[in-house]
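Working notes for the structure below.
Bear in mind these aren't lab numbers, they're just calculated from the coordinates by the rules spelled out. These numbers were taken from a predicted model, which means no experiment stands behind them. When we count neighbours, we look across all protein chains shown, and the Cβ atoms used for this are built from the backbone with ideal geometry, even at glycine.
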Amino acid sequence: MSRQPARTQRQGDIHPITPNSPMEFEIIAQCQQGNLREFGRLYDEYVRKVYQFIYFKTHHRETAEDLTSVVFMKAMENIKSFDPKKAPFKAWLFRIARNTVIDHYRAHKETVDLEDVWDLKGNQDVARDVETELKIQSIQKYMKKLKPDQREIVLLRVWGDHSFKEIAEITGKSEAAAKMMFKRTIDTLRTDFALLAIALLLIR
């Protein structure tokens, strides 16, 4: 596994935060009231998951680290706009991550419309880690068969273990549409889907 952004260390933090728990809601409320020291606890809970999501959409450690930092900076700056009645914090955060990756590629590719590195042509220059190359080789033939939105569904559902409701919030699709797309993805890969799912779980 590639190096990942470090968790912060604070004395007295002995209980992990459970998503959508009263503790998480209380921490978010404190952040919204201006006590941003508490944001570090949200960072600790989600940094690894956000980093992995971005890493697998960029295939490059330093880029993933930089974009992960951008995501949490955006989240902290906009924490007052978060409304738990509209979406879980996890889904809100991953939507920021998704949009950050899209913005990254739009800023670096003037004529290519893409949302992650899988859309790049084989002859385009992509800076990848040697370790990443070995990981990507194990799943590339499966991922290349999928459309960008199908790949994203696989990453969120299998790699990120998101519910379909969360996937809907992250991607802006309806929950029914997310379920249907996941089913179509399975149909597209057929027996290869099980191999892809196992490979993703093994390398995360």
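Pairs spanning more than 25 Å between alpha-carbon atoms, out of 145/173; 57/173; 90/141; 74/145: 90/141; 74/145.
Here segment 157-175 is scanned for amide nitrogen atoms under 11 Å from the site 7 Å beyond the Cα of residue 20 along Cα-to-Cβ, giving 163-167. Between the beta carbons of residue 74 and residue 191, assuming R0 = 35 Å, the FRET efficiency works out to 0.30 to the nearest 0.05.
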